[in-house]
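Read the structure below first, then the notes.
The values are calculated or read from the model by the stated rules, or taken from the named source; none is laboratory data. Note that the coordinates shown come from a computational prediction; the quantities given were computed from them, not determined experimentally. Methodologically, a virtual Cβ is constructed for each residue, glycine included, from the backbone with ideal geometry; neighbour enumeration extends over all protein chains shown. In case anyone asks, the SASA skips ligands and DNA or RNA and just uses the protein heavy atoms, side chains included. Shrake-Rupley method; radii C 1.70, N 1.55, O 1.52, S 1.80 Å.
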Amino acid sequence: YASDKTSLNVWVSMLIETLSADQESAKNLVKNLAERTGTISANWLRTYVADCPEPESRIAAVRIFAAAIRSCASIEAEEVKLKRWTNAWKEQLDCFKGKLGKVPFPTALENSWQVHEGIELLDSQRASSIGAILSFINVLLEVAPRTWRYNSELCMLIRDIAIAYEENGGDALRSALNLIQVPARLICLVIRDKARSSLRASFPGASMSFELADSQARPETNPSAHLLPMTSPQMMNNDMNQRSPSGGVPVASDFLTLFEALCAIMGMKSLILAPLVFETTEQSRGRAVVSLTENASKALATIYQESCSSIASGMSQQDIEAYLHICGLDSSAVPTQKILDILTKYPSTKGSGARNGSFFLGLEGFLAYYRDTAQTNEARVRTDLHTFGYRPDLTRRPKETRIQVLDGIQELKSPVESVAADVRTVHRDNSESSNLGELALLGLDSFDLHAYAYSASEALAEYLVASTILKRENTYLITNTQKAIYRAPTAWAGNEMWEAAKMIFRVIACIEDSYQQERIACIMENPRSDMLNNQDIGLLQAAKALSTPRSNQNYSNDMQYAYEKYFDLIKELMKLKPLATWMSENRTLWSWMERDLIANDEGSSQRRSDFLGQREGIVGENTRSDNDMQGVQDSEDDDDDDDSRMYEDAQRCDKIVVDGAGLDVINGVFERQGSFEGAGKFVKKGVWNGTEETFSMFRCNVSNNTKHWYISIVPKGVQPGTNTDIDFYSAPVSRHTPDLPPSAGWTKANEGVPPCPVIQIKDDEESDDLQRGRVLSKNTQRIDGQ
């Protein structure tokens, strides 16, 4: 319980190195571990992956156990015993085949085969110590739903066993893990009661629902015995690379180590996330100084060099804008001042011969920027690395899988295209994924599994989908994904499902093998239907079914929302060359929506509902397009004149008072500044994220039948109502006063902070008094604070 864990980590590293070199010591430790699986209080495996409440101790123990098992497996005699144990499992499963998927799958060898893992026979040539440990891991997986807060270490143990090198018994270890259905149990541990009936029947413990597992969970040790006294100088370690479980029920991030273990068993060791930063021994203001790891620094330095137009000077403002565009950010949505702030905050140099005081971001500044970003938004850093061809372990994909030549110019492939090519290359001579077994393959076809993976790590999820589909003829994952989005709830509740589905379809469409065209056809025109609604679920079929009744006055907002989601998904998939080719060859299948697609591409029919997903919190890969900049060259004065004529008969007011918003900069007086879509537009100045901005309150169409009011920051030169807006609060129009903002009913949007505001319409004198009161109140608070 020391506050400094550096010595523990050094000790563990030294012990791992010793065990790797001294195979006899490793063999004795593994034998000891195996013997203790037959005990209760002395069972080290159970203690450190299911009972111990101290995370550093759990991680240290798991690292040591896994290193010992890998070293032991490299001993020829131990590998032979493990293979005999594996053959015993094969014989047991041959007698079990008729019951597969109908009754619980065994966790250990039974009957006459038990001699191959009997504790009392470990000194003989028949029983395998490693086999006994692997069988006990099966037992731990079956009770894992009740100890889910410690599952990260259990999965770490499986992962670190599976990464053994082929020449050191790695193939034998992974084959054993596959045969005893560890991958299938890991999958059930994620999707639980959403697993197919055959999986639930085979692994009733691992597939136990979250609710049932929570009701049965009991603390195995007295937690108060491990609590530190309030007056103790000891502190819990705050390791920034340590993965801690969330409270309540598991969330996607809690399964990250599990997905790494699953991928390692499938032969994809490069998907284990390498740390990006570490705490140095230096101190600053009482805290450890954080630095990028060596591998992260090398990767980012390479990206920097490839992104600079002039290495001698550094990264110019134009280079930064181009870089942001490649990373999936619309440079027009990033204020120039933000880029200048980066150049000011981080080490930069003035270029030779530079005019107007132009500065260039140096390598030191580039790395410092990512060092800071990794501490506040690690996912952003990993996404950028993924875009430039780096795997999660920070090795780089081969050049031919990430670079394409178009018209003689080298360009980066999209991440999904690069991942699909990389998986095809890695699996060319690798059959690990094909040995997973029937039950694991059933689990890999689950949409929920890949949706969880997508929320945990987008890069890892793309690799998992590609490995699941490659060289497989069936289209169950496609069908399950189509059913999921067809039944998805509307608005924000279904956004994650749509984004996960988009990722799945994009990866599948890019996998080049003999089944590629069949899979693309299934995505767009699936011959199967949703049994609950008897509805075709192919993307084109579902979109057409939703589009047909749009002229009906009873056409609901939910149907319009669903149609827009399908439309946007199809539009996004058409950006991929394989799918665009298929669409070109099958034009008759989508001719009914061709006008909409063309109109949208030309920007002549900008629809607010196109961007509804953005307002609801969807974050996709470069979801913005040139259409978003529609109206940049238009005159704002002309727009105001047109809107003013439409507004002549509407109720008018000149000032709106906003109060009670959790984001204080929103509170205050908004003054009318022209009109938009037949209603007044109101603005106020304020500082947000260190920059002075203009906050706008306006009304716009959300879909065919609804209008909403928004409080947003609208970029200069862009009309309100696009996905470039930064939204804080929104509210449906009032039926009684549709042309004025409603006094109540406001809800938090993407950047808003609860509570939501209350709106009052005041005359000039009242609003001025209120504004003076707010300023006076703030000044009084500031004086009191001083």
Exercise. What are the pairs, 6+ residues apart or on separate chains, where a residue within segment 157-181 that is assigned to a helix (DSSP H, G or I) has its Cβ under 7 Å from a residue that is modelled with pLDDT of 95 or more and hydroxyl-bearing (S, T, Y)?
Worked result: R159/T257; N168/S74; S175/T86; A176/T86; L179/T86
Exercise. Going by the structure shown, is N705 outside any strand (DSSP E or B), at pLDDT below 80 and within 29 Å of the chain's Cα centre (by Cα)?
Worked result: no
Problem set entry | Scan of segment 685-705 for residues that are open to solvent by 30 Å² or more (accessible area, probe 1.4 Å) and either among the aliphatic types (A, V, I, L, M) or under 19 Å from P742 (Cβ atoms) (or both), ordered by number | V687, N701, N705
Seminar exercise, completed: All-but-one check, S270 against (1) open to solvent by 60 Å² or more (accessible area, probe 1.4 Å); (2) hydroxyl-bearing (S, T, Y); (3) under 21 Å from the mean Cα position of the chain (by Cα), failing number (1)
For this session: Check whether at least one residue in segment 118-140 is buried (at least 23 other Cβ atoms within 10 Å of the Cβ) and among the aromatic types (F, W, Y), and report yes or no.
Result: no
For this session: Evaluate the following for N750: is it in contact with a Lys or Arg (Cβ under 6 Å, 6 or more places away or on another chain) and closer than 17 Å to A491 by Cα?
Result: no
Exercise. Under 6 Å by Cβ, and 6 or more places apart or on different chains, what pairs join a residue from segment 399-410 that is in contact (Cβ under 8 Å) with a residue 24 or more places away in the chain with one that is surrounded by 10 or more Cβ atoms within 10 Å (Cβ to Cβ)?
Worked result: T401/S418; T401/A421; T401/D422
Exercise. Here are some conditions: (1) under 26 Å from A749 (Cβ atoms); (2) at pLDDT 90 or above. Y555 meets all but one. Which one does it not meet?
Worked result: (2)
Seminar exercise, completed: Across segment 528-543, the tally of residues that are open to solvent by 60 Å² or more (accessible area, probe 1.4 Å) and either within 18 Å of I570 (Cβ to Cβ) or at pLDDT 95 or above (or both) stands at 1
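Quick grid of which residues meet (1) over 19 Å from W582 (Cα atoms); (2) part of a loop (DSSP other than H, G, I, E, B); (3) within 19 Å of the chain's Cα centre (by Cα):
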| residue | (1), (2), (3) |
| --- | --- |
| V465 | yes, no, yes |
| A484 | yes, no, yes |
| N495 | yes, no, yes |
| W498 | yes, no, yes |
| A509 | no, no, no |
| K544 | no, no, no |
| T548 | yes, no, no |
For this session: Those residues that are crowded, with 20+ Cβ neighbours inside 10 Å and more than 20 Å from R58 (Cα to Cα), I need them from segment 152-169; list them, please.
Result: A164, G169
For this session: Answer yes or no: is there a residue in segment 181-201 that is open to solvent by less than 40 Å² (accessible area, probe 1.4 Å) and modelled with pLDDT under 90.
Result: no
Problem set entry | Test: residue in segment 45-63 that is over 32 Å from the mean Cα position of the chain (by Cα) and either surrounded by fewer than 19 Cβ atoms within 10 Å (Cβ to Cβ) or closer than 29 Å to Q125 by Cβ (or both) | no
Seminar exercise, completed: The correct count of residues that are at pLDDT below 95 and among the hydroxyl-bearing types (S, T, Y) in segment 404-454 is 5
